[in-house]
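For reference, the structure is listed below as structure tokens.
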Amino acid sequence: MSTHSIHSEQIESETGKLGMWIFLLTELFLFGGLFLVYAVFRAQYSEAFHAGAEELNAFIGTLNTVFLLVSSMTVAMAITAIQKDKKNLAIFLILVTLILAGLFMMNKYFEWSHKFEFKLYPGSEVLKNLPRGELLFFGLYFMMTGLHAIHVLIGMTLLAINIFKIKNGEVSSKHYLHLENTGLYWHLVDLIWIFLFPLLYLIT
Amino acid sequence: MSNSETGTHVSYLEHEGKYKGLLGWLLTTDHKKIGLLYLYCIIVFFFVAAILGILMRVELIAPGQTIMGAQTYNGMFTIHGIIMIFVIVIPALPAIFGNFFLPIMIGAKDVAFPKLNLFSFYLFLIGAIFGVLSQFIGGGAPDTGWTFYVPYSSQSSTNVIYALIAAFILGFSSILTGLNFIVTMHRMRAPGMGWFRMPLFPWSLYATAWIQVLATPIVGITLLMVIAERVLKIGFFDPALGGDPVLFQHLFWIYSHPAVYIMILPGMGIVTEIFPTFSQKPIFGYTAILFSSLAIAFVGYFVWGHHMYTAGISTGSRWFFSFLTFLVAVPSAIKVFNWVSTLYGGSIEMRPPLLYAISFIFLFMIGGFTGLTLGSVATDIQVHDTAFVVAHFHYIIFGGMGFAFFAGMHYWFPKIFGRMYNDKLAYIGWGFLFTGFNVLYFPQFIIGLQGMPRRYFDYLPQFQTGQVISTIGGFILFTGLIIMVGNLVYHAKRGAIAPANPWKGVTLEWQIPSPPSHENFDEIPEINHAPYFFGNTSENK
């Protein structure tokens, strides 16, 4: 359908974006359920949550926050690049985003394995013998960061697909809805982390 | 775009796209064919769940063990509930009639995201299959009830995980359908069709779609948490792992109560289409019906606590939830008054769709009034977890949504298949269904008040009379189902050819040939008047 006028192109892209925004809203509500559980348990066991947060390494958390924030910027730059028809620059910026996401995941891996070394994992004896509030804190920590990590992986996959789409011309300066929606998704991943980070690492 | 105005009409059923034959159906992105795919699957699953239901009725015909053991019975009511709720009642009306008629009624050629639409169908199918499989494989059928209450659901050794995964996937499919509909209505209405010129069935789908999008993720994450609790031993709800079981009930009902409105709102939308057509009169109180749909969707979010009066929540919150529950009755009643007023003074033609629609009002009102009994704290504590509750929600869900579904089926059948069914058989089927339904569920109110608990496979001898009457009703109902479905299935191919507008309806779907062409409209229509405009003669009564 190369005869499509620019007008209908625009309508299509607006429609696609509206769908994406509603989808992101459902993602927020998905995490919203976890935030609700967090709020309830935090109100009940605020001291234990305080003790739990002390155990987490705020430095690694901060580093990861920086990685994600910068990656959000690079993906936004990639969209601008494709709008200006600079394909190679766009691919380069997406690759930078992917590397930053990879660094985030690597940090997460070290952080989790560090916990596992101290036998701090769901179902372990050590965890079971902790006070009830701390048990719940670590449960939430693993569930929330785990679900977030799955979202990071999905986002990385979407970004990688965009590289191929740019290469074969499916994503171009005229057709960049796919990249734009991926960017929106990536910002959501970032946004959720912005909430997870203080809730789990900082508020003590 | 193959047929111009003068060209021969090719219906969507005969239209051949990129793929032919069966593959043409399985890979179709035509909203009408996807609607039919849902219809066929839902009929199959409905009969599976209905047979489980009738087996339970046979078990309850006498005290003690009759045809199955207690554990089998537990599995049966669980799977009956899961299939009926998650596979049939929640998706059926939006997925079948919404898919088929929403684009046509707003003058569009398809939904906003046709491929996503097909994707959500396959998600639905996978979820449904998981649900049925959970009955048959591995550790035995799940026995938690469809509500998956923790701590039992995180400890039961049966296939609870399969059922949880099924519900999760079905929820995801429901979200995508809702998302698709919202975007469709926002962006694809025909020129001239402002929001307030949209017929009321699309409006009810709009309210429903927002509930699907906003409430379903909450149950999604809740089910994921129960899965994590079972598999990874992460404590959320199970006290043995430090969790809080009442919190589960809160999260579960935050979704599952609004889900009741996902079930009933499209049903209300369907009968709202039927009343004007069969009284040849504009709908009474268009705006009132529209805003009452939105009000039900909105207030429906804040009433979940009425499922938990006996769960140990505070007196203050019980008072609050009870008050809000009574508030939902107001918009529901507004609708009932409007439907009746639409009939008043109309030139009524009593055909099968209208008969079903009127039965809908009758049964929905019994369900609604008994809902008030359950909504007030004092009486609820008396009848909580008894057969009274079973009777109440079957009146709402089956008597309401189910009869609205039958009404819609009889109303739009000529449009969907281009054939007419046999009216006489439809009346006979209705007679069996309506009688059977009341004989089956009304005694449950009485024995429930007398103290018959729900979900028990055994009971005291004093409840036997009621149980026997119920079982007889169950068989009458089942006979009615077979007559009705038989009539429709037989005449889908062999019935008399249907005209484009057999009921003299005025909404857009009746202005195009039956069955519609692949792209619905040769030319996108221009809308220049309000919906339900029957011309000047019937306006001036």
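Among (1) under 30 Å from residue B:301 (Cα atoms); (2) more than 10 Å from every other protein chain (Cβ to nearest Cβ), there is one condition residue A:62 misses while meeting the rest; what is its number?
(1)
How many residues are open to solvent by 10 Å² or more (accessible area, probe 1.4 Å) and either of a type in the set (Gly, Ala, Ser) or not in a helix (DSSP H, G or I) (or both) if we restrict to region A:150-166? I'd like the intermediate steps shown before the answer.
Residues of region A:150-166 that are open to solvent by 10 Å² or more (accessible area, probe 1.4 Å), as a first pass: A:150-151, A:153-154, A:156-158, A:160-161, A:163-165.
If we keep only those that are either of a type in the set (Gly, Ala, Ser) or not in a helix (DSSP H, G or I) (or both) as well, we get A:160.
Selection size over region A:150-166: 1.
Can you tell me which residue among A:147, A:140 is within 12 Å of the chain's Cα centre (by Cα) and in a helix (DSSP H, G or I)?
Result of the check over A:147, A:140: A:147.
Quick one: which of B:314, B:341, B:322, B:332 is closer than 29 Å to residue B:95 by Cα and of a type in the set (Ser, Thr, Tyr)?
B:332
For the condition polar (S, T, N, Q), open to solvent by less than 80 Å² (accessible area, probe 1.4 Å), within 25 Å of residue A:142 (Cβ to Cβ) and within 14 Å of another protein chain (Cβ to nearest Cβ), what is the one hit in A:26, A:15?
A:26
Just to be sure before I move on: is residue B:362 more than 23 Å from residue B:91 (Cα to Cα), open to solvent by 30 Å² or more (accessible area, probe 1.4 Å), of a type in the set (Phe, Trp, Tyr) and touching a residue at least 40 places away in the same chain (Cβ under 8 Å) in the structure I sent?
So residue B:362 does not fit the description; no.
Given the criteria among the small types (Gly, Ala, Ser) and within 14 Å of another protein chain (Cβ to nearest Cβ), does residue A:133 qualify?
When the stated conditions are applied, residue A:133 passes them.
Scan region B:339-359 for residues that are over 18 Å from residue B:269 (Cα atoms) and either of a type in the set (D, E, K, R) or open to solvent by 30 Å² or more (accessible area, probe 1.4 Å) (or both) and jot them down.
Within region B:339-359, B:344, B:345, B:347, B:348, B:349, B:350, B:351 meet the criteria.
Within region B:371-387, track down each residue that is open to solvent by less than 20 Å² (accessible area, probe 1.4 Å) and either among the basic types (Lys, Arg) or under 21 Å from residue B:470 (Cα atoms) (or both).
Answer for region B:371-387, where residues must be open to solvent by less than 20 Å² (accessible area, probe 1.4 Å) and either among the basic types (Lys, Arg) or under 21 Å from residue B:470 (Cα atoms) (or both): B:371, B:383, B:386, B:387.
Just to be sure, is residue A:193 out of contact with any strand residue (DSSP E or B) (no Cβ under 7 Å at 6 or more places or on another chain) and open to solvent by less than 10 Å² (accessible area, probe 1.4 Å)?
yes
Provide a single number: the residues in region B:67-119 that are of a type in the set (Gly, Ala, Ser), open to solvent by 10 Å² or more (accessible area, probe 1.4 Å) and part of a loop (DSSP other than H, G, I, E, B).
Residues that pass the stated criteria total 2.
For region B:133-150, state whether one or more residues are in contact (Cβ under 8 Å) with a residue 24 or more places away in the chain, within 14 Å of chain A (Cβ to nearest Cβ) and of a type in the set (Ser, Thr, Tyr).
No, region B:133-150 has no match at all.
I'm told residue B:248 meets every condition in (1) surrounded by 22 or more Cβ atoms within 10 Å (Cβ to Cβ); (2) more than 14 Å from every other protein chain (Cβ to nearest Cβ); (3) part of a helix (DSSP H, G or I) except one. Can you identify the failing condition by its number?
Of everything listed in (1) surrounded by 22 or more Cβ atoms within 10 Å (Cβ to Cβ); (2) more than 14 Å from every other protein chain (Cβ to nearest Cβ); (3) part of a helix (DSSP H, G or I), residue B:248 misses just condition (2).
Within region A:31-51, how many residues are free of Cβ contacts under 8 Å to residues at least 40 places away in the same chain and within 10 Å of chain B (Cβ to nearest Cβ)?
Qualifying residue count for the region: 4.
Look at residue A:46 and say whether it is within 28 Å of residue B:224 (Cβ to Cβ) and at pLDDT 95 or above.
no
Is it fair to say residue B:294 is within 24 Å of the chain's Cα centre (by Cα), in contact (Cβ under 8 Å) with a residue 40 or more places away in the chain and surrounded by fewer than 20 Cβ atoms within 10 Å (Cβ to Cβ)?
It is true that residue B:294 is within 24 Å of the chain's Cα centre (by Cα), in contact (Cβ under 8 Å) with a residue 40 or more places away in the chain and surrounded by fewer than 20 Cβ atoms within 10 Å (Cβ to Cβ).
Counting only residues that are open to solvent by 30 Å² or more (accessible area, probe 1.4 Å) and outside any helix (DSSP H, G or I), how many does region B:195-232 have?
1
The values are calculated or read from the model by the stated rules, or taken from the named source; none is laboratory data. Values in this document were obtained by computation on a predicted structure and should not be read as measured data. With ideal geometry, Cβ positions are generated from the backbone for all residues, glycine too; neighbour counts draw on all protein chains shown. The accessibility values were calculated without ligands, DNA or RNA, using every heavy atom of the protein model including side chains. Shrake-Rupley method; radii C 1.70, N 1.55, O 1.52, S 1.80 Å.
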